[in-house]
Amino acid sequence: MDKVYNFCAGPAMIPADVMAQAQQELINWQGLGTSVMEISHRSKEFLAVAAQSEQDLRDLLNIPANYHVLFCHGGARGQFAAVPLNLLGEATTADYMDGGFWAHSAVEEASKYCQPNNIDITCVKEGKKAILPAAEWPLSDEAAFVHFCPNETIDGIEIRDLPITDKPIVADMSSTILSRQIDVSKYGVIYAGAQKNIGPAGLTIVIVRDDLLGKAKSILPSILDYTVLVDKESMFNTPPTFAWYLAGEVFKWLKSVGGVAAMEQRNLAKAKLLYDFIDHSNFYINDVHADNRSIMNVPFQLKNPNLDEAFLAQADIAGLKALKGHRVAGGMRASIYNAMPLDGVQALVDFMQMFEKNNA
Ligand code: PMP
(Lines give C-alpha, C1' and ligand atoms only; values in the text may rest on other atoms or scores of the structure.)
Protein backbone atom coordinates (compact mmCIF):
# COMPACT_ATOMS: atom_id res chain seq x y z
CA MET A 1 0.00 0.00 0.00
CA ASP A 2 1.63 3.25 -1.14
CA LYS A 3 -0.46 5.83 0.53
CA VAL A 4 -3.33 5.87 3.00
CA TYR A 5 -6.19 8.35 2.78
CA ASN A 6 -8.38 8.61 5.85
CA PHE A 7 -12.00 9.56 5.15
CA CYS A 8 -13.12 9.34 8.79
CA ALA A 9 -15.83 11.82 9.83
CA GLY A 10 -14.09 12.51 13.12
CA PRO A 11 -11.67 12.21 14.72
CA ALA A 12 -10.44 12.97 11.24
CA MET A 13 -7.25 13.44 9.28
CA ILE A 14 -4.87 16.13 10.48
CA PRO A 15 -2.66 17.79 7.83
CA ALA A 16 0.41 15.62 7.16
CA ASP A 17 2.78 18.58 7.61
CA VAL A 18 1.33 19.29 11.05
CA MET A 19 1.71 15.65 12.11
CA ALA A 20 5.33 15.61 10.94
CA GLN A 21 6.05 18.80 12.88
CA ALA A 22 4.36 17.43 16.01
CA GLN A 23 6.34 14.20 15.71
CA GLN A 24 9.59 16.09 15.41
CA GLU A 25 8.98 18.15 18.52
CA LEU A 26 7.02 15.60 20.52
CA ILE A 27 9.55 14.86 23.25
CA ASN A 28 11.59 18.03 23.07
CA TRP A 29 9.42 21.02 22.39
CA GLN A 30 11.09 24.40 21.87
CA GLY A 31 14.31 23.01 23.33
CA LEU A 32 12.72 22.59 26.76
CA GLY A 33 13.69 18.91 26.91
CA THR A 34 10.04 18.04 27.55
CA SER A 35 6.88 17.83 25.51
CA VAL A 36 4.29 20.57 25.29
CA MET A 37 1.80 18.24 26.98
CA GLU A 38 3.98 17.99 30.08
CA ILE A 39 4.28 21.67 30.93
CA SER A 40 1.99 23.93 32.93
CA HIS A 41 -0.83 25.60 31.07
CA ARG A 42 0.18 28.72 32.98
CA SER A 43 3.83 28.60 31.88
CA LYS A 44 4.96 31.49 29.70
CA GLU A 45 5.67 29.04 26.89
CA PHE A 46 2.13 27.66 26.88
CA LEU A 47 0.55 31.09 27.31
CA ALA A 48 2.38 32.08 24.14
CA VAL A 49 0.81 29.09 22.32
CA ALA A 50 -2.61 30.08 23.62
CA ALA A 51 -2.24 33.70 22.52
CA GLN A 52 -0.81 32.85 19.10
CA SER A 53 -3.46 30.22 18.33
CA GLU A 54 -6.25 32.62 19.25
CA GLN A 55 -4.74 35.35 17.09
CA ASP A 56 -4.32 32.97 14.15
CA LEU A 57 -7.93 31.80 14.42
CA ARG A 58 -9.06 35.43 14.60
CA ASP A 59 -7.05 36.19 11.46
CA LEU A 60 -8.35 33.12 9.62
CA LEU A 61 -12.02 33.83 10.34
CA ASN A 62 -11.72 37.59 10.52
CA ILE A 63 -13.30 37.55 13.99
CA PRO A 64 -14.39 41.03 15.09
CA ALA A 65 -13.01 42.50 18.33
CA ASN A 66 -16.38 42.26 20.12
CA TYR A 67 -16.23 38.45 19.97
CA HIS A 68 -14.45 36.21 22.46
CA VAL A 69 -12.73 32.98 21.45
CA LEU A 70 -12.87 30.16 23.98
CA PHE A 71 -10.90 26.94 23.99
CA CYS A 72 -13.05 24.52 25.98
CA HIS A 73 -13.71 20.93 26.96
CA GLY A 74 -16.90 18.98 26.50
CA GLY A 75 -17.25 18.67 22.74
CA ALA A 76 -20.10 20.00 20.67
CA ARG A 77 -22.49 17.98 22.80
CA GLY A 78 -21.31 19.97 25.81
CA GLN A 79 -22.35 23.07 23.88
CA PHE A 80 -25.80 21.58 23.26
CA ALA A 81 -26.30 22.20 27.02
CA ALA A 82 -24.06 25.28 27.34
CA VAL A 83 -25.90 27.27 24.66
CA PRO A 84 -29.37 27.33 26.26
CA LEU A 85 -27.97 27.63 29.78
CA ASN A 86 -25.85 30.63 28.77
CA LEU A 87 -28.23 32.40 26.43
CA LEU A 88 -31.84 31.89 27.54
CA GLY A 89 -31.80 34.57 30.21
CA GLU A 90 -35.42 35.11 31.25
CA ALA A 91 -36.77 33.49 28.08
CA THR A 92 -38.22 30.00 28.18
CA THR A 93 -37.87 29.12 24.53
CA ALA A 94 -35.54 29.25 21.55
CA ASP A 95 -35.95 28.32 17.89
CA TYR A 96 -34.18 25.11 16.94
CA MET A 97 -34.03 24.52 13.21
CA ASP A 98 -34.05 20.79 12.67
CA GLY A 99 -32.24 19.84 9.45
CA GLY A 100 -30.64 16.55 10.38
CA PHE A 101 -29.19 14.26 13.02
CA TRP A 102 -27.03 16.78 14.87
CA ALA A 103 -29.50 19.65 14.91
CA HIS A 104 -31.99 17.16 16.27
CA SER A 105 -29.58 16.05 18.99
CA ALA A 106 -29.10 19.68 19.99
CA VAL A 107 -32.84 20.26 20.44
CA GLU A 108 -33.17 17.10 22.51
CA GLU A 109 -30.56 18.39 24.94
CA ALA A 110 -32.04 21.89 24.97
CA SER A 111 -35.43 20.52 25.97
CA LYS A 112 -33.97 19.73 29.39
CA TYR A 113 -33.61 23.46 30.01
CA CYS A 114 -36.44 25.11 28.06
CA GLN A 115 -39.34 24.42 25.73
CA PRO A 116 -37.59 24.76 22.38
CA ASN A 117 -39.50 25.28 19.15
CA ASN A 118 -38.35 22.31 17.16
CA ILE A 119 -38.83 23.44 13.57
CA ASP A 120 -38.46 20.90 10.80
CA ILE A 121 -36.66 22.63 7.93
CA THR A 122 -36.19 19.57 5.75
CA CYS A 123 -38.03 19.22 2.46
CA VAL A 124 -37.89 17.29 -0.78
CA LYS A 125 -36.78 19.09 -3.92
CA GLU A 126 -36.84 17.34 -7.28
CA GLY A 127 -36.99 14.03 -5.46
CA LYS A 128 -33.92 14.76 -3.33
CA LYS A 129 -33.36 15.74 0.31
CA ALA A 130 -33.16 19.50 0.75
CA ILE A 131 -33.57 22.32 3.27
CA LEU A 132 -36.10 25.15 3.11
CA PRO A 133 -34.56 28.54 2.25
CA ALA A 134 -33.59 30.25 5.52
CA ALA A 135 -35.71 33.31 4.62
CA GLU A 136 -38.76 31.00 4.90
CA TRP A 137 -37.94 29.52 8.30
CA PRO A 138 -40.95 30.12 10.60
CA LEU A 139 -39.22 31.85 13.51
CA SER A 140 -41.07 32.76 16.70
CA ASP A 141 -41.12 36.10 18.51
CA GLU A 142 -40.44 34.66 21.97
CA ALA A 143 -37.26 32.81 21.10
CA ALA A 144 -34.08 33.89 22.90
CA PHE A 145 -31.97 32.72 19.94
CA VAL A 146 -32.08 30.74 16.71
CA HIS A 147 -29.99 27.55 16.63
CA PHE A 148 -29.03 25.63 13.51
CA CYS A 149 -26.38 23.26 12.22
CA PRO A 150 -24.89 24.52 8.92
CA ASN A 151 -23.31 21.17 8.09
CA GLU A 152 -24.98 17.90 9.00
CA THR A 153 -22.06 15.49 9.22
CA ILE A 154 -24.15 12.32 8.91
CA ASP A 155 -26.79 13.45 6.42
CA GLY A 156 -24.26 15.23 4.20
CA ILE A 157 -26.45 18.32 4.15
CA GLU A 158 -25.11 21.87 4.12
CA ILE A 159 -27.07 25.07 4.76
CA ARG A 160 -25.39 28.09 3.22
CA ASP A 161 -27.90 30.85 3.88
CA LEU A 162 -28.88 32.53 7.14
CA PRO A 163 -32.28 33.39 8.59
CA ILE A 164 -33.42 36.99 8.67
CA THR A 165 -33.74 37.79 12.37
CA ASP A 166 -32.56 40.21 15.01
CA LYS A 167 -32.19 37.31 17.49
CA PRO A 168 -28.70 35.90 18.05
CA ILE A 169 -27.96 33.14 15.55
CA VAL A 170 -26.19 30.16 17.09
CA ALA A 171 -24.43 27.72 14.78
CA ASP A 172 -22.98 24.28 15.40
CA MET A 173 -20.09 24.47 12.96
CA SER A 174 -18.36 21.27 14.11
CA SER A 175 -17.97 19.85 10.61
CA THR A 176 -17.75 23.04 8.58
CA ILE A 177 -15.67 25.57 10.51
CA LEU A 178 -12.73 26.87 8.45
CA SER A 179 -13.93 25.04 5.33
CA ARG A 180 -15.37 28.15 3.68
CA GLN A 181 -15.52 31.87 4.36
CA ILE A 182 -18.15 33.11 6.79
CA ASP A 183 -19.13 36.49 8.19
CA VAL A 184 -18.72 35.99 11.93
CA SER A 185 -20.50 39.27 12.68
CA LYS A 186 -23.78 37.68 11.56
CA TYR A 187 -23.68 35.17 14.42
CA GLY A 188 -24.19 35.36 18.18
CA VAL A 189 -22.36 32.13 18.97
CA ILE A 190 -20.39 29.72 16.81
CA TYR A 191 -19.16 26.47 18.31
CA ALA A 192 -17.31 23.47 16.99
CA GLY A 193 -15.76 20.26 18.27
CA ALA A 194 -12.15 20.27 17.10
CA GLN A 195 -11.89 16.74 15.78
CA LYS A 196 -12.71 17.47 12.12
CA ASN A 197 -11.21 20.68 10.79
CA ILE A 198 -9.27 21.93 13.80
CA GLY A 199 -7.21 19.18 15.40
CA PRO A 200 -7.56 16.25 17.77
CA ALA A 201 -10.66 15.45 19.83
CA GLY A 202 -10.90 16.93 23.30
CA LEU A 203 -10.98 20.59 22.37
CA THR A 204 -14.06 22.66 21.57
CA ILE A 205 -13.95 26.16 20.10
CA VAL A 206 -16.61 28.69 21.06
CA ILE A 207 -16.82 32.14 19.49
CA VAL A 208 -19.26 34.30 21.44
CA ARG A 209 -20.39 37.89 20.99
CA ASP A 210 -19.62 40.05 24.00
CA ASP A 211 -23.17 41.31 24.64
CA LEU A 212 -24.39 37.72 25.12
CA LEU A 213 -22.34 37.20 28.28
CA GLY A 214 -23.75 37.55 31.77
CA LYS A 215 -27.09 35.81 31.23
CA ALA A 216 -26.14 32.40 32.56
CA LYS A 217 -28.58 30.42 34.66
CA SER A 218 -27.34 29.81 38.19
CA ILE A 219 -27.47 26.04 37.71
CA LEU A 220 -24.99 26.29 34.80
CA PRO A 221 -21.80 24.37 35.66
CA SER A 222 -18.98 26.92 35.81
CA ILE A 223 -16.98 24.91 33.31
CA LEU A 224 -19.61 25.66 30.64
CA ASP A 225 -20.16 29.29 31.66
CA TYR A 226 -18.97 31.60 28.87
CA THR A 227 -18.54 34.51 31.27
CA VAL A 228 -16.30 32.45 33.57
CA LEU A 229 -14.31 31.13 30.61
CA VAL A 230 -13.84 34.62 29.19
CA ASP A 231 -12.73 35.97 32.60
CA LYS A 232 -10.30 33.10 33.06
CA GLU A 233 -9.08 33.15 29.43
CA SER A 234 -10.19 29.53 28.93
CA MET A 235 -8.14 28.44 31.95
CA PHE A 236 -10.82 28.10 34.62
CA ASN A 237 -9.66 24.51 34.83
CA THR A 238 -6.79 22.77 33.07
CA PRO A 239 -7.45 23.04 29.34
CA PRO A 240 -6.68 20.22 26.88
CA THR A 241 -3.21 21.61 26.28
CA PHE A 242 -1.91 19.17 23.69
CA ALA A 243 -5.05 19.47 21.56
CA TRP A 244 -4.83 23.25 21.88
CA TYR A 245 -1.18 23.28 20.77
CA LEU A 246 -1.97 21.02 17.80
CA ALA A 247 -4.96 23.18 16.82
CA GLY A 248 -2.55 26.13 16.86
CA GLU A 249 -0.27 24.25 14.45
CA VAL A 250 -3.26 23.54 12.17
CA PHE A 251 -4.12 27.25 12.17
CA LYS A 252 -0.52 28.10 11.19
CA TRP A 253 -0.69 25.51 8.40
CA LEU A 254 -3.98 26.95 7.15
CA LYS A 255 -2.46 30.42 7.00
CA SER A 256 0.57 29.07 5.16
CA VAL A 257 -1.58 27.52 2.42
CA GLY A 258 -3.57 30.69 1.78
CA GLY A 259 -6.13 30.79 4.58
CA VAL A 260 -9.82 30.03 4.43
CA ALA A 261 -10.40 31.61 0.99
CA ALA A 262 -7.85 29.28 -0.63
CA MET A 263 -9.15 26.33 1.36
CA GLU A 264 -12.70 27.04 0.20
CA GLN A 265 -11.62 26.86 -3.46
CA ARG A 266 -9.78 23.63 -2.79
CA ASN A 267 -12.77 22.16 -0.94
CA LEU A 268 -15.18 23.13 -3.72
CA ALA A 269 -12.93 21.44 -6.27
CA LYS A 270 -12.68 18.26 -4.17
CA ALA A 271 -16.44 18.07 -3.64
CA LYS A 272 -17.17 18.74 -7.32
CA LEU A 273 -14.87 15.94 -8.40
CA LEU A 274 -16.67 13.41 -6.21
CA TYR A 275 -20.27 14.59 -6.78
CA ASP A 276 -19.75 14.85 -10.55
CA PHE A 277 -18.46 11.31 -10.63
CA ILE A 278 -21.41 10.02 -8.57
CA ASP A 279 -23.93 11.92 -10.70
CA HIS A 280 -22.55 10.48 -13.92
CA SER A 281 -22.62 6.92 -12.66
CA ASN A 282 -25.51 4.46 -12.66
CA PHE A 283 -23.87 2.53 -9.87
CA TYR A 284 -23.61 5.09 -7.04
CA ILE A 285 -26.24 7.45 -5.60
CA ASN A 286 -26.20 10.59 -3.49
CA ASP A 287 -29.71 11.56 -2.40
CA VAL A 288 -29.11 15.20 -1.39
CA HIS A 289 -30.22 18.04 -3.67
CA ALA A 290 -27.32 19.96 -5.24
CA ASP A 291 -28.38 23.13 -3.36
CA ASN A 292 -27.68 21.48 -0.02
CA ARG A 293 -24.86 19.09 -0.68
CA SER A 294 -22.11 19.22 1.91
CA ILE A 295 -18.62 19.94 0.66
CA MET A 296 -17.19 18.25 3.78
CA ASN A 297 -19.18 15.00 4.14
CA VAL A 298 -20.31 13.10 1.07
CA PRO A 299 -22.62 10.19 1.83
CA PHE A 300 -23.26 7.81 -1.04
CA GLN A 301 -24.94 4.48 -1.58
CA LEU A 302 -24.30 1.62 -3.95
CA LYS A 303 -27.40 0.87 -5.99
CA ASN A 304 -26.84 -2.72 -4.97
CA PRO A 305 -26.27 -2.65 -1.19
CA ASN A 306 -25.25 -6.32 -1.28
CA LEU A 307 -21.92 -5.03 -2.58
CA ASP A 308 -21.33 -2.67 0.39
CA GLU A 309 -19.09 -5.04 2.30
CA ALA A 310 -16.95 -5.89 -0.71
CA PHE A 311 -16.65 -2.18 -1.54
CA LEU A 312 -15.46 -1.31 1.95
CA ALA A 313 -13.07 -4.25 2.22
CA GLN A 314 -11.46 -3.55 -1.16
CA ALA A 315 -11.28 0.20 -0.52
CA ASP A 316 -9.53 -0.50 2.77
CA ILE A 317 -6.94 -2.68 1.03
CA ALA A 318 -6.44 0.11 -1.51
CA GLY A 319 -5.59 2.48 1.37
CA LEU A 320 -8.95 4.29 1.36
CA LYS A 321 -9.94 4.13 5.01
CA ALA A 322 -13.07 4.70 7.08
CA LEU A 323 -15.60 4.99 4.24
CA LYS A 324 -18.39 3.18 6.07
CA GLY A 325 -21.45 5.38 6.54
CA HIS A 326 -22.61 6.34 10.03
CA ARG A 327 -24.51 3.56 11.77
CA VAL A 328 -27.78 5.49 11.55
CA ALA A 329 -27.39 6.22 7.81
CA GLY A 330 -25.77 3.08 6.38
CA GLY A 331 -24.07 3.09 2.98
CA MET A 332 -20.81 4.97 2.58
CA ARG A 333 -19.55 8.39 3.54
CA ALA A 334 -16.41 10.18 2.44
CA SER A 335 -15.44 12.98 4.79
CA ILE A 336 -13.18 15.32 2.89
CA TYR A 337 -12.21 17.96 5.41
CA ASN A 338 -9.49 20.58 4.91
CA ALA A 339 -6.67 18.11 5.53
CA MET A 340 -7.79 15.79 2.70
CA PRO A 341 -5.81 16.62 -0.43
CA LEU A 342 -7.35 16.59 -3.91
CA ASP A 343 -5.17 13.53 -4.61
CA GLY A 344 -7.08 11.63 -1.94
CA VAL A 345 -10.43 12.38 -3.56
CA GLN A 346 -8.98 11.47 -6.96
CA ALA A 347 -7.76 8.16 -5.53
CA LEU A 348 -11.27 7.50 -4.21
CA VAL A 349 -12.89 8.32 -7.55
CA ASP A 350 -10.39 6.07 -9.38
CA PHE A 351 -11.19 3.25 -6.99
CA MET A 352 -14.96 3.77 -7.33
CA GLN A 353 -14.61 3.69 -11.10
CA MET A 354 -12.64 0.46 -10.98
CA PHE A 355 -15.06 -1.15 -8.52
CA GLU A 356 -17.99 -0.20 -10.73
CA LYS A 357 -16.28 -1.70 -13.78
CA ASN A 358 -15.59 -4.95 -11.95
CA ASN A 359 -19.07 -5.28 -10.44
CA ALA A 360 -21.57 -3.63 -12.79
N1 PMP B 1 -22.38 18.38 15.92
C2 PMP B 1 -21.92 17.94 14.75
C3 PMP B 1 -22.29 18.65 13.50
C4 PMP B 1 -21.09 16.81 14.72
O5 PMP B 1 -20.63 16.36 13.55
C6 PMP B 1 -20.75 16.16 15.92
C7 PMP B 1 -19.82 14.97 15.97
N8 PMP B 1 -19.73 14.20 14.88
C9 PMP B 1 -21.27 16.65 17.11
C10 PMP B 1 -22.08 17.77 17.08
C11 PMP B 1 -20.94 16.01 18.42
O12 PMP B 1 -19.64 16.40 18.72
P13 PMP B 1 -18.87 15.92 20.02
O14 PMP B 1 -18.59 14.48 19.85
O15 PMP B 1 -17.64 16.78 20.01
O16 PMP B 1 -19.73 16.21 21.20
Counting only residues that are part of a helix (DSSP H, G or I) and either of a type in the set (G, A, S) or touching a Ser or Thr at 6+ places or on another chain (Cβ under 9 Å) (or both), how many does region 57-71 have? 0
Of everything in region 195-214 that's part of a loop (DSSP other than H, G, I, E, B) and more than 8 Å from the ligand (Cβ to nearest atom), which residue is farthest from the chain's Cα centre (by Cα)? G214
Just to be sure, is I219 part of a loop (DSSP other than H, G, I, E, B) and either over 11 Å from the mean Cα position of the chain (by Cα) or not assigned by TED's automatic domain parsing to the domain that holds L85 (or both)? yes
Complete set of residues in region 156-168 that are within 16 Å of the ligand (Cβ to nearest atom) and surrounded by fewer than 23 Cβ atoms within 10 Å (Cβ to Cβ): R160
Please work out if E108 is out of contact with any helix residue (DSSP H, G or I) (no Cβ under 6 Å at 6 or more places or on another chain), away from the ligand (no atom under 16 Å from the Cβ) and either not in a helix (DSSP H, G or I) or not aromatic (F, W, Y) (or both). no
Residues in region 255-264: is at least one outside the structural domain of L88 (by TED's automatic domain parsing), under 16 Å from F351 (Cα atoms) and out of contact with any Pro (no Cβ under 8 Å at 6 or more places or on another chain)? no
Being acidic (D, E) and at pLDDT 95 or above is the filter here, so list the residues in region 1-31 that pass it. D17, E25
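The values are calculated or read from the model by the stated rules, or taken from the named source; none is laboratory data. Computed from a prediction, not measured in an experiment: that's the story for all the values here. Reconstructed Cβ throughout: ideal geometry from the backbone, glycine too, with neighbour counts over all protein chains shown.
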